[in-house]
Amino acid sequence: MKIKKSNVAGIFYPKDKDKLLEMLQDFSARDEKSSTYFSRLIIVPHAGLVYSGALAAEGYKYLSSNVKNIFIFAPSHYSRIFGCVVPSYDAFDTPLGLVQVNKSITASIGCDVNDESFEKEHSIEVQLPFIQYFYNKTQICAEHSEFCIQENSNVKIVPILYGCTDYNVIKDIISKYYDNPENAFVISTDLSHFYPERECNRIDNYTAQLIETNNINNFEVEQACGAVGVCGAVSFACDNNFSFIRVGLTNSAKETGDSSRVVGYGSWFMYEGEKNNYIKRFFSDFVIDVCKKSILSGFQLGDFSPTSYPAVFEEAGASFVTLEVNGYLRGCIGSIVAHRCLIDDLIENAHSSAFKDPRFKPLTRNEYENIKISVSLLSSPERIVFSSEEELLSKITPFVDGIIIRDGNYQAVYLPVVWEQLPDKQNFLNSLKQKAGLPPDYFSKDFQAFRFSSLSIKQEC
């Protein structure tokens, strides 16, 4: 059997088995998952475990346990390679034992075989203890009161290193093997390297925004050492209308205290659907609770500032908060475009709907007892291309599209729920023009329209 010996044990993670297990157990116990969803594709860091191990462990908690093969895509830091390469090894060795390679898959991928590129590389090896811990771990041994690692687990790895290559190479490999539910995928990458902490945070937040909006048009290699792998995964998600959900962001300064030369780390998992659908599916009660507490804070001194919440609410989001009392509208304020993190957007819009909607007096405490809250989560607006009003109307889908119109300083928006009152497309558009301050029959060459979708979360009785 040809075995790849560990080359970063004692450097990137403890060389002693018991100390490594203790560290992994500590990481695993720190935080619970924020949802019960399991993914088959994650993005996780590959720095020394003391710096990024806790965040990587959080990412692995979302990776499906019902898989037999885990593809690891990682950048080559020490060998100059073109395209991607796989090893000829039968297994990789760590202090926890052997991790088997699925050689039938590595032979079918179409990558060159190049063991030399793997000899000094850490970006693959750092992932292996997590895979062993989360996938090959048995129950606590009664005799020894310690975790046991099975060397002959059914879970195998498919290690792939890449260098100078088109990200579509990565996307094509994922596409080729994703249909098999026994396959999972790990994108191994750190984020920005060696900037002052403030600059690191700025760059990494921008990188996170690109990943979370499936937008890689402006993604630069300096943003992540594994930029090719990240872009390949994001492109795959975009093609399939999947979304990346944030697990967390951190950086090396959090551990070292040195804010002068910082490395950034991020973790995400891929959700097979739209982000807003994920939020509604798992966090509807949380969304309503946030809005209620924000409104309650308006009757008291001080602002409502939650100290902990799921990381998906750190992502930029646009929402409308609608209030009704005894079946009548009592306030509605929102954001058309995501311009701040969703948690702040919900807090601000809930407070404004209750106390700053110019159509109503501020909400009273007595009214609050009978309030019904509904929240609309908006997708990113998409511009509608048209040359006439007739063409615009032909491209609008009633009861599905929310519509924004704009002409100079005139602008107005209707959420999809408005179709219930105005089901006719012409009446809907005419009313929207009037809301913007324009005549119903108005049209010009500068007239613009955008569509968006929304998901509604309503307060239960």
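The values are calculated or read from the model by the stated rules, or taken from the named source; none is laboratory data. Note that the coordinates shown come from a computational prediction; the quantities given were computed from them, not determined experimentally. Positions of Cβ are backbone-derived with ideal geometry, glycine not excepted, and every protein chain shown enters the neighbour counts.
Could we say that Asp90 is within 21 Å of Tyr177 (Cβ to Cβ), among the acidic types (Asp, Glu) and either modelled with pLDDT under 95 or in the same structural domain as Ile170 (by TED's automatic domain parsing) (or both) here?
Here the answer is yes, as Asp90 does meet what is asked.
Conditions (1) within 11 Å of Val126 (Cβ to Cβ); (2) among the aliphatic types (A, V, I, L, M); (3) surrounded by fewer than 20 Cβ atoms within 10 Å (Cβ to Cβ); (4) in contact (Cβ under 8 Å) with a residue 24 or more places away in the chain, marked per residue:
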residue	(1), (2), (3), (4)
Ile3	no, yes, yes, yes
Ile11	yes, yes, yes, yes
Lys15	no, no, yes, yes
Thr36	no, no, yes, yes
Leu41	no, yes, no, yes
Pro45	yes, no, no, yes
Leu49	yes, yes, no, yes
Ser52	yes, no, no, yes
Leu55	no, yes, no, yes
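Can you tell me how many residues in segment 425-445 are surrounded by fewer than 16 Cβ atoms within 10 Å (Cβ to Cβ) and touching a residue at least 12 places away in the same chain (Cβ under 8 Å)?
The number of residues fulfilling the criteria is 5.
Considering every residue within segment 16-38, establish whether at least one is under 20 Å from Ile245 (Cβ atoms), among the small types (Gly, Ala, Ser) and part of a loop (DSSP other than H, G, I, E, B).
Within segment 16-38, one or more residues are under 20 Å from Ile245 (Cβ atoms), among the small types (Gly, Ala, Ser) and part of a loop (DSSP other than H, G, I, E, B).
Answer yes or no as to whether Thr138 is at pLDDT 95 or above, assigned by TED's automatic domain parsing to the domain that holds Ser235 and among the hydroxyl-bearing types (Ser, Thr, Tyr).
no
Out of Ile203, Ile170, which single residue is crowded, with 23+ Cβ neighbours inside 10 Å, in a helix (DSSP H, G or I) and at pLDDT 95 or above?
On inspection, the qualifying residue turns out to be Ile170.
Can you tell me which residues in segment 206-229 are under 17 Å from the mean Cα position of the chain (by Cα) and in a helix (DSSP H, G or I)?
Tyr206, Thr207, Ala208, Gln209, Leu210, Ile211, Glu212, Gln223, Ala227, Gly229
Specify which of the listed residues (Lys176, Lys254) is within 27 Å of Asn66 (Cα to Cα), surrounded by fewer than 21 Cβ atoms within 10 Å (Cβ to Cβ) and among the basic types (Lys, Arg).
After applying the criteria, what remains is Lys176.
Residues of segment 356-378 being in a strand (DSSP E or B) and more than 25 Å from Arg451 (Cβ to Cβ), which ones?
Listed by number, the residues that qualify are Ile371, Lys372, Ile373.
Residue check, Ile295 against (1) within 23 Å of the chain's Cα centre (by Cα); (2) surrounded by 17 or more Cβ atoms within 10 Å (Cβ to Cβ); (3) outside any strand (DSSP E or B); (4) in contact (Cβ under 8 Å) with a residue 40 or more places away in the chain, all met but one. Which one?
(1)
Would you mind stating whether Ile11 is farther than 15 Å from Pro95 by Cα and either in a strand (DSSP E or B) or β-branched (Val, Ile, Thr) (or both)?
no
Taking the criterion of being under 27 Å from Leu55 (Cα atoms), within 23 Å of the chain's Cα centre (by Cα) and not assigned by TED's automatic domain parsing to the domain that holds Asp31, would at least one residue in segment 317-332 satisfy it?
Checked against the condition, which is being under 27 Å from Leu55 (Cα atoms), within 23 Å of the chain's Cα centre (by Cα) and not assigned by TED's automatic domain parsing to the domain that holds Asp31, segment 317-332 yields at least one hit.
Among Ser431, Ser353, which is the only one that is hydroxyl-bearing (Ser, Thr, Tyr), assigned to a helix (DSSP H, G or I) and not assigned by TED's automatic domain parsing to the domain that holds Glu314?
When all the criteria are applied, what remains is Ser431.
Condition check: aliphatic (A, V, I, L, M) and within 30 Å of Phe299 (Cα to Cα). Does Leu377 satisfy that?
Spelling it out, Leu377 is indeed aliphatic (A, V, I, L, M) and within 30 Å of Phe299 (Cα to Cα).
Among the residues of segment 268-285, write down those that are of a type in the set (S, T, N, Q) and under 13 Å from the mean Cα position of the chain (by Cα).
Answer for segment 268-285, where residues must be of a type in the set (S, T, N, Q) and under 13 Å from the mean Cα position of the chain (by Cα): Asn276, Asn277.
Can you go through Val113, Val67, Val99 and tell me which one is without any contact (Cβ under 8 Å) to a residue 60 or more places away in the chain, surrounded by 14 or more Cβ atoms within 10 Å (Cβ to Cβ) and not small (Gly, Ala, Ser)?
Val99
Report yes if Glu212 is under 19 Å from Ser335 (Cβ atoms), in the same structural domain as His77 (by TED's automatic domain parsing) and touching a Lys or Arg at 6+ places or on another chain (Cβ under 7 Å), otherwise no.
yes
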